[in-house]
Every structure is written in C-alpha cells, then in structure tokens.
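Below is one structure; the comments refer to it alone.
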Amino acid sequence: MEYRTLGRTGLKVSEIGLGTSQTFRLAAREDEALDRGINFFDTAPAYGESEKTLGRALAPRRSEAIIATKVGAADAGAARESIERSFERLQVDTIDLLQIHSLKAWREVGPVIEEYRKKGRVRFIGLTSRNPAHHSEMMKAMRTGAYDTVQIFYSLAERTCTEELLPLAEKMNIGVIVLRALLGLLAPDILPGPSAPASTGYATEAGPGKLHAASERGAFDFMKPLGAATPGQALLKYVLAHPAVSTVIPATGKFERISENAAASGGTVLPPEALRRLEVLVD
C-alpha cells in the first residue's frame, strides 16, 4: 500500500481507503483492512450501524486508523446532537475528520464543527457531495478557506470534477477523497436506485453494461503490465492517476474485494495514453 498526504491536514492516508454504507459488515476478521495497509475509514450516521460497527472493529488498533465521519443536520442544535452520538458510536474522544454530509446547511453547521476543533475534539473539517450538480456550491464553501477536505463522486464514467473542482482543490491544497469510483460500472446492467450513478455529466453516457461488455472482450487486458490485474483495479488506478486525489474509498463488506481493491495501490502511475485508452471505453 502507498500513502498520500491528505491536503493541508498533513495526514498520511492509504491510497485505497474503505468506505462504508448500509450494507457494510465486518463478519470475519475485524483487522482485514488494516492488514492490507488501509488506514483511512469513512463512515456516517446515515449508514445504518456503520459507525458502531466500525468503532467496535477498530478499537483494538485505533492508533493505526484515521476515521472520517459526517454530520447531516439541518441546524446547529441538531448538529451538536449528531456529533455527540458519533463520538459514542465510534468509541472515540477525538474524530480525525468530520465532514458536512452532502453540503447540508454547511453555513450553519461549519461553525459548530469549528467549535469542536478549537476544543481539540475534531482535528479537521471536510465537505461531501455525491452530486456533480452541486460542485458550484461546494466550490463556494471551499473558497471560504474553512475546509480541509472534500469528498466527491469521480470515476472513469463521471469526470465532471476534473473541470474546475479538482484544480481548485490542488490550488488550495485541499485533500480530495473519492467515492463511487467503481459505482456499478462493471455490472451487466446499471441498477436503479441508490446504486445507480447520478443522472448528470459523463455517468449517463457510459450506458448500461458498457464496461461489463468491454471487460468480457478483454478490453482491460492492456492494464495488467501497469499493475491492474482486474478491471476493478484498472478503474481505481484511473482515479488515482489524478494528482489532486488523496484517497479512493470503495465501499464493500466483502473481504476478497478489500484485498483486490488494496492491491490497486502503488506500481506504475498510469501514463496519458493508458488514461485515454480507458476513457475511450465510455466516450
């Protein structure tokens, strides 16, 4: 596993982190991800039992992990209540990175998190949005200088963030956390509901099953000498090739996937010709 600096936080985070969701489970070895070199874990109160499960799993090796969670409250009072519950569920006195979930009430909630930071209970503050249509609002928040990280949707099939948001993050030394880099792209069909890509930007142009078909005909084979033994690793290495990206957090509760994803780290940084060959598969 290789590590990158998470923007101005100075934190050294694994190139591949672990995202959690309502399907997240730790049913076998609790330290599987840590053993693979993964040290960045992202969760949220909205992800079912994820915070509680993660807190219990990481407790024996807390010093090895960087934990990021979120607050999605509509006002300052609700934000404080949510944050206090996160401390309890995660079994921590300090949260490494506390993010405003989906930019919700960021103007009202940001100062609340800053209070916790001044008390030493929150180390860094971030923003998240899985909707490329909200990039303009996110950049407004970024320009205030109050936020250390952003978490965004970026994949081979959704590259909107490369136009303005990632250059701004680089300029301001803001850490970039990528979610949904693998979102349904290798499935035979794009499923409706929460697993479907956002209906904006490049995501709509890939077409249901397009990359699955490409994989079936061996279109990813050229990536093997570049350190991507599987199509999923190729998609992760594509996102990691952008210099603004700090870590990618594919969400999974399957240990074989944790191992496969972790193996996408390191090795050759994809050259421009490899990036273009991948982009052709969805353009």
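The values are calculated or read from the model by the stated rules, or taken from the named source; none is laboratory data. Keep in mind that what you see is a predicted model, and the values were worked out from it rather than measured. Cβ placement follows ideal geometry from the backbone for every residue including glycine, while neighbour counts extend to all protein chains displayed. Surface accessibility is based on the protein's heavy atoms, side chains included, excluding ligands, DNA and RNA. Shrake-Rupley method; radii C 1.70, N 1.55, O 1.52, S 1.80 Å.
General remarks:
- On a per residue basis, the convex hull of the C-alpha atoms belonging to the stretch 1-147 measures out at 112 Å³.
- Listed pairs Lys12/Lys52; Lys119/Lys140; Lys70/Lys104 exceeding 20 Å between Cα atoms: Lys12/Lys52; Lys119/Lys140
- Sorting 141-148, 214-221 by average packing, meaning the other beta carbons within 10 Å per residue, from highest down gives 141-148, 214-221.
- Residue among Tyr3, Val282, Thr144 farthest towards the positive dipole end of the chain, charges placed on Cβ: Thr144
- Beta bridges by DSSP in the chain, antiparallel share as percent, to the nearest 5: 15
- Heavy-atom accessible area order for Glu158, Glu260, largest first, 1.4 Å probe: Glu260, Glu158
- Nearest-10 value in Å² for the accessible area of Met139, using the 1.4 Å probe: 10
- Karplus-derived HN-Hα couplings along the stretch 85-92 (A = 6.51, B = -1.76, C = 1.60, θ = phi - 60°), whole Hz, x at Gly and Pro: 5, 5, 4, 5, 5, 7, 6, 10
- Sequence of Ser136, Ser259 when ordered by accessible area, the most exposed leading, probe 1.4 angstrom: Ser136, Ser259
- Around the amide H of Thr20, modelled in the peptide plane, lie the amide H atoms of Asp42, all under 5 Å away and 5 or more residues distant in sequence or on another chain.
- Neighbours of Pro231, meaning other residues whose beta-carbon lies under 14 angstrom from its beta-carbon, give a summed charge of +3 when Lys and Arg score +1 and Asp and Glu score -1.
- Relative contact order, whole percent, for the chain stands at 21, derived from Cα pairs under 8 Å and 6 or more residues apart.
- When the alpha carbon gyration tensor of the stretch 25-88 is reduced to an equivalent ellipsoid, its three semi-axes come out at 25, 11, 9 angstrom, largest first.
- Helix-only CD estimate at 222 nm, as mean residue ellipticity for the chain, using -39500 (n - 2.57) per DSSP H run (n ≥ 4): -9000 deg cm²/dmol
- The heavy atoms of Tyr47 offer some 40 square angstrom of accessible surface to a 1.4 angstrom probe.
- Karplus-derived 3J(HN,Hα), 6.51/-1.76/1.60, for each residue of the stretch 137-150, Hz, glycine and proline x: 5, 5, 5, 4, 5, 4, 5, 6, x, 8, 10, 8, 9, 10
- Counting protein heavy atoms only, the chain has 50 percent of its accessible area on carbon and sulfur, 1.4 angstrom probe.
- For the stretch 93-144: rounded, prolate or oblate by the Cα gyration tensor [a/c cutoff 1.5]: prolate
- Cα-based helix-to-principal-axis angle, 106-118 vs the chain, degrees rounded to 10: 70
- For the chain, the solvent-accessible area of protein heavy atoms averages 43 Å² per residue (probe radius 1.4 Å; ligands and nucleic acids excluded).
- Of all the options Ser265, Ser50, Ser82, the one that moves most in a Gaussian network model of the chain with Cα springs shorter than 10 angstrom is Ser82.
- Order of exposure, largest accessible area first, which applies to Arg107, Arg85 with probe 1.4 Å: Arg107, Arg85
- Cα gyration tensor category, rounded, prolate or oblate, for the stretch 63-125 with a/c compared to 1.5: prolate
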